[in-house]
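First comes the structure, then the notes that go with it.
The values are calculated or read from the model by the stated rules, or taken from the named source; none is laboratory data. Everything quoted here is computed from the prediction, not taken from an experiment. We place every Cβ from the backbone using ideal geometry, glycine too, and count neighbours over all the protein chains shown. Calculation scope for accessible area: heavy atoms of the full protein, side chains included, ligands and nucleic acids excluded. Shrake-Rupley method; radii C 1.70, N 1.55, O 1.52, S 1.80 Å.
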Amino acid sequence: MQLGETAVAVASGVVSAASVAPLLYAADRAVTEAAAAGAARGARAAPAAAQLAGAFASALRGLVKAPLSPALMMVVGVYSATYVTANVADCWRSSVTTKFAAVTAVNMSASVLKDAAYARMFGGMAASGPVPLASYALFALRDCLTVGAGFILPGAAAEAARSAGAGDGKAAKRGAQLAGPSAMQVRGPSHRQRS
């Protein structure tokens, strides 16, 4: 491993994160605002799709007003740390297990800090007691699935395509990189706040 290869891995991770951060910021903020609005209204809440659409529009307006806001920089930080860790693990030819553990630890730690800040900034939440352990377990499961889908599955898909004689595996890898993480971000009733 050369220093130059690691520097390119770090730079590409930061550039990749910065390029996707505005959309991810808007989505994260929209989910936080919609969840808070639903919790505040209780049973009289607007349909989730309408809440999310309104919150997404609000987030985009916030992004236009403050393109380098602390909230956006938090997203850049979370994804930079995650992508840089994955890229450096590849440069250092880490095992799949080591890469998975490192990327998951970095992503979960950074995401929890960002999510807590977003809840305070956009959720209108007052301190309402400790977060239940089951919530942490669900967040950990979601993050493990997302990291696996984004950083482990693409390599496995490429290898499977090559083994099956379906070319060099690049298309399978790209498809898994694009579809895998999104498929793992399905939000269900477990993410709703109770009033």
Any residue in the stretch 51-72 that's closer than 24 Å to residue 14 by Cα: show its pairings with residues that are modelled with pLDDT of 70 or more and not in a helix (DSSP H, G or I) at Cβ separation under 8 Å, as long as the two are six or more apart or on different chains. 62/69; 63/69
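Residues are listed down the side, and each one gets a yes or a no for (1) at pLDDT 70 or above; (2) within 23 Å of residue 116 (Cβ to Cβ); (3) of a type in the set (Asp, Glu); (4) not in a helix (DSSP H, G or I):
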position: 1; (1), (2), (3), (4): no, no, no, yes
position: 4; (1), (2), (3), (4): yes, no, no, no
position: 15; (1), (2), (3), (4): yes, no, no, no
position: 21; (1), (2), (3), (4): yes, yes, no, no
position: 25; (1), (2), (3), (4): yes, yes, no, no
position: 30; (1), (2), (3), (4): yes, yes, no, no
position: 34; (1), (2), (3), (4): yes, yes, no, no
position: 37; (1), (2), (3), (4): no, yes, no, no
position: 54; (1), (2), (3), (4): yes, no, no, no
Answer residue from the stretch 84-107, given it is part of a helix (DSSP H, G or I) and open to solvent by 50 Å² or more (accessible area, probe 1.4 Å) and is nearest to residue 145 (Cα to Cα) among those: 100
